[in-house]
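The values are calculated or read from the model by the stated rules, or taken from the named source; none is laboratory data. These numbers come from a predicted model, not from an experiment. Heads up, the Cβs are rebuilt from the backbone with ideal geometry, glycines too, and the neighbour counts pull from every protein chain shown.
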Amino acid sequence: MKNIGKAFLSGLILWTGMALAGSETPFPGDWQSWNKASTPLASIGALPGCDADVSALPPIYQETVEIYCAVRPEGPGAVDILVKPAVADAYKGRKGGFPDGTNMILHLKDLQLLFVTGHTGGAAQYGVYKEDGTDVTDADASSILGVNTCRVCHTGYADFCVEGQCGASQ
Ligand code: HEC
């Protein structure tokens, strides 16, 4: 299943159509002015390829690498964590209380993709956009760019993530 998802991802990134798109949370048009957060992943700087030794990292990070490492041979590459200025304190506090709307971004800079997390009534919502706002969230919810993949991890690691926030400011 994962391999099908990975093969699909490379086509999807190149593809500009929107027929399969289905983000749960809106594109943040002003994302380029958001604040960069300094988190464990941001300090590593990149998501590595599949042959990286990540055994020293917490299980949630190992699983993230396992799921996304094969999107290109050297791995997904450089990342930034971006936080909407209005929720900077909520992100630092790691206690939830996020307002409705898109609040956080994992910017995959080499892939030119934005993984976005937003909220509706405190419930985390997920999506994937190109930098220009094209919604490339996979309508097949179980694929690696489908919202269920995000949800299983971000909501599933309930001891680690708070209201869909998995990173911590350092
Ligand atoms: C297997 C686990 C896993 C999966 C699957 C996953 N993520 Fe994450 N994600 C993480 C972890 C861990 C971090 C925190 C990394 C850090 O900054 O140290 C993170 C960070 C983020 C952030 C930055 C805000 C935060 O939570 O600190 C966003 C936004 C995000 N992910 C969105 C997504 C979206 C959208 C998807 C699905 C397309 C997804 N993620 C899939 C584990 C995962």
Worksheet, complete the sentence: Among strands (runs of 3 or more DSSP E) completely within region 55-170, the ones holding 2 or more residues that are within 19 Å of Ala21 (Cβ to Cβ) and within 15 Å of the chain's Cα centre (by Cα) are 101-108, 113-120, 123-130
Worksheet item: Which residues, counting only those in region 89-106, are surrounded by 15 or more Cβ atoms within 10 Å (Cβ to Cβ) and closer than 18 Å to Gln170 by Cα?
Response: Ala90, Tyr91, Met104, Ile105, Leu106
Practice prompt. Please indicate, with yes or no, whether at least one residue in region 87-96 is in contact with a His (Cβ under 6 Å, 6 or more places away or on another chain) and more than 20 Å from Thr155 (Cβ to Cβ).
Written response: no
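Somewhere in region 52-61, is a residue more than 13 Å from the ligand (Cβ to nearest atom), surrounded by 13 or more Cβ atoms within 10 Å (Cβ to Cβ), at pLDDT 95 or above and more than 18 Å from Tyr129 (Cβ to Cβ)? Can you show your working first?
Within region 52-61, the first condition is being more than 13 Å from the ligand (Cβ to nearest atom), and the residues that meet it are 52-53, 55-56.
Now drop any that are not surrounded by 13 or more Cβ atoms within 10 Å (Cβ to Cβ), which leaves 52.
With at pLDDT 95 or above added as a condition, the list becomes 52.
In the following step, the residues that additionally are more than 18 Å from Tyr129 (Cβ to Cβ) were identified as 52.
Yes, some residue in region 52-61 is more than 13 Å from the ligand (Cβ to nearest atom), surrounded by 13 or more Cβ atoms within 10 Å (Cβ to Cβ), at pLDDT 95 or above and more than 18 Å from Tyr129 (Cβ to Cβ).
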Worksheet entry | Residue ID - farthest from the ligand (Cβ to nearest atom), chosen from residues in region 62-78 that are under 21 Å from Gln170 (Cα atoms) and among the hydrophobic types (A, V, I, L, M, F, W, C) | Ala78
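Could you list, in sequence order, the residues of region 157-170 that are exposed (fewer than 14 other Cβ atoms within 10 Å of the Cβ) and over 18 Å from Pro85 (Cα atoms)?
Restricting attention to region 157-170, the residues satisfying the condition of being exposed (fewer than 14 other Cβ atoms within 10 Å of the Cβ) are 158-159, 170.
The answer is Ala158, Asp159.
Hey, among Ile81, Ile105, which residue is near the ligand (Cβ under 9 Å from one of its atoms), at pLDDT 95 or above and in contact with a Lys or Arg (Cβ under 7 Å, 6 or more places away or on another chain)? Steps first, answer last, please.
Values: Ile105 fails: in contact with a Lys or Arg (Cβ under 7 Å, 6 or more places away or on another chain).
Being near the ligand (Cβ under 9 Å from one of its atoms), at pLDDT 95 or above and in contact with a Lys or Arg (Cβ under 7 Å, 6 or more places away or on another chain) holds for just one of Ile81, Ile105, which is Ile81.
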